[in-house]
Structure formats: structure tokens, C-alpha cells
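What follows is one structure encoded as C-alpha cells, with my remarks underneath.
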Amino acid sequence: MTALTVIRHAQASFGAANYDLLSDLGHRQSRALGQALVRQGVKPDHLFIGAQRRHRETLEGICEALGFDAGTAHVHEGLNEFDFKGLLEARFREGGAPEGMHSDRRTHFRTLRDTVLAWQRDEITDPPESWEAFAARVRAARESMQKAGGAVLAVSSGGAIAQMITEVIDAPSPQMIRLQLQMKNCAVTRFIAGREVLYLHCFNETPHIDAATEADLLTYS
């Protein structure tokens, strides 16, 4: 049997010149999650990450507690996030972008939701990546992890994880962005593979957060 533990990266640097870096809080989140996974007895046979820096930095923090070498992780670009900045800019290439689209959280995520839905309907001209290509590479990553067998721990991004869930539970495509926008930083999603089917076991769990740490560690972006 294969058990997939797929973790959304810790808090990155929203609004900064380089989003793809963990914030100081993000580093604390990843270390705290690693300590929680040790308490749960998690002992992965295989590690996977996407090719983005925030994935590796998150795994490094987790591995400090687990005692694994993050450098041994398999890198699969199917675990990368879609280019949300490029997608937004493609949608508003001719103008009309709302003020604060890249800097104000509420505006950004409301606009991103509507943009992803338009992307899925093939209503955006020349996006950085087609919706079909994104879905295909996420599927390839999931299949690679299943093929590895045993206990797999992976770090990915909200959009890719949400797409995995949507496909596994056979939900309509619009469900993907609804799941993504609920996902917490360092949230844990688990899948269990049987002989012929993959089951969603849990979604958006935060074993490193309790009443005493919630105000400090709970973030969504």
C-alpha cells in the first residue's frame, strides 16, 4: 500500500520582489510541522518536492526534526504551482486589472479565483501554461509518487495539491480553486492508494497548530 503525505509549502513572501522565498514565519512553520510529524510517527520512505525554492526550504525545515536529508528528495516539476502572476497578467494584458492585484491580499485572491475559472474555460489568450498542461503535469507527479510506493512525503503548492484532490474525488474543475483558497500554509493532505484506486484520506490538517500557537502560526498565503 502507498500512503502519500502532501504538504503545502510554508508562508512565502507575498508582495515581495521574490515570492518564492519563505518568510521568517514560514521557516518557523516548517520546523514546527516537522516536530509534529515526529510526534505522529511519520517515517517516509521517499521524499518529493517541486522545483520551487519555497518547496525545498519547507522540506529542509521539516527534515530538521525528521532527521532526513532534504537533499535526497526527488524533484518533480509537476508539483510546481501554476504561474499565477503570469496568468493574471495574461488575463489583463489589454488593461483593466484591479488596483492592488499583486499587493492587496483580498483583491489578489478574489481576482485569482475568477481568473482561474476563466483559465479553465479557455477564456485567457496565451496563458503561461494551458489548463490541460497544468492538470497533466500534476497527474504525472501524483502517478510518480504512487509508483514509488511505501510512505511518501512531498512538498508542493496549493494549486497543485487542490488539483490532485479534485481529480482523485472526481469533482468538477471549478472545485480546484475553492480548495486552493482554503488551504493553510504547511497544511497536510493525505492519500491512501489501494490496488486500483487512490483515496483522499484527509485534507488541510495542521498538526503543528493548537490553541496556544494558532495566533502565531496559522496563515493562508
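The values are calculated or read from the model by the stated rules, or taken from the named source; none is laboratory data. These figures come from a predicted structure and were not determined experimentally. Here Cβ is always computed from backbone atoms with ideal geometry, including for glycine, and neighbour counts include all displayed protein chains.
With (1) in the same structural domain as Gln40 (by TED's automatic domain parsing); (2) of a type outside the set (Ser, Thr, Tyr); (3) loosely packed, with under 14 Cβ neighbours inside 10 Å as the list, and Arg105 as the residue in question, which single condition is left unmet? It is condition (1) that Arg105 fails. Selection over the range 164-199 of residues that are of a type outside the set (Val, Ile, Thr), modelled with pLDDT of 95 or more and assigned to a loop (DSSP other than H, G, I, E, B) gives a count of 10.
Screening Cys186 on (1) farther than 30 Å from Gly41 by Cα; (2) in contact with a helix residue (DSSP H, G or I) (Cβ under 7 Å, 6 or more places away or on another chain); (3) not hydroxyl-bearing (Ser, Thr, Tyr) shows it passes everything except condition (1).
Return yes or no: is Arg39 buried (at least 17 other Cβ atoms within 10 Å of the Cβ) and either charged (D, E, K, R) or at pLDDT below 95 (or both)? Here the answer is no, as Arg39 does not meet what is asked. Any residue that is of a type in the set (S, T, N, Q) and at pLDDT below 95 - is there at least one of those in the range 87-103? Yes; the residues of the range 87-103 include at least one that is of a type in the set (S, T, N, Q) and at pLDDT below 95. Would you point out the residue of the range 6-36, among those that are hydroxyl-bearing (Ser, Thr, Tyr) and in a loop (DSSP other than H, G, I, E, B), that is surrounded by the fewest Cβ atoms within 10 Å (Cβ to Cβ)? By that ranking, first place goes to Ser13. Give me the pairs: first residue in the range 79-100 and closer than 13 Å to Thr111 by Cα, second residue of a type in the set (D, E, K, R) and loosely packed, with under 14 Cβ neighbours inside 10 Å, beta-carbon distance under 8 Å, and six or more apart or on different chains, which are they? Partner pairs satisfying both residue conditions: Ala90/Asp126. When Ile161 is tested against (1) outside any strand (DSSP E or B); (2) over 19 Å from Asp83 (Cα atoms); (3) aliphatic (A, V, I, L, M), exactly one condition is not met: (2).
Of all the numbered requirements in (1) free of Cβ contacts under 8 Å to residues at least 60 places away in the same chain; (2) assigned to a loop (DSSP other than H, G, I, E, B); (3) farther than 27 Å from Gly67 by Cβ, Ala212 misses one, and that requirement is (3). So, in the range 174-197, how many residues would count as being under 21 Å from Asn80 (Cα atoms), free of Cβ contacts under 8 Å to residues at least 60 places away in the same chain and among the hydrophobic types (A, V, I, L, M, F, W, C)? Within the range 174-197, residues that are under 21 Å from Asn80 (Cα atoms), free of Cβ contacts under 8 Å to residues at least 60 places away in the same chain and among the hydrophobic types (A, V, I, L, M, F, W, C) number 1.
Remark: pairs (first residue in the range 121-140, free of Cβ contacts under 8 Å to residues at least 24 places away in the same chain and loosely packed, with under 14 Cβ neighbours inside 10 Å; second residue part of a loop (DSSP other than H, G, I, E, B) and small (Gly, Ala, Ser); Cβ separation under 8 Å; 6+ apart in sequence or on different chains) = Asp122/Ser130. Residues in the range 126-148 that are touching a helix residue (DSSP H, G or I) at 6+ places or on another chain (Cβ under 7 Å) and either more than 15 Å from Glu167 (Cα to Cα) or not in a helix (DSSP H, G or I) (or both): Asp126, Pro127, Pro128.
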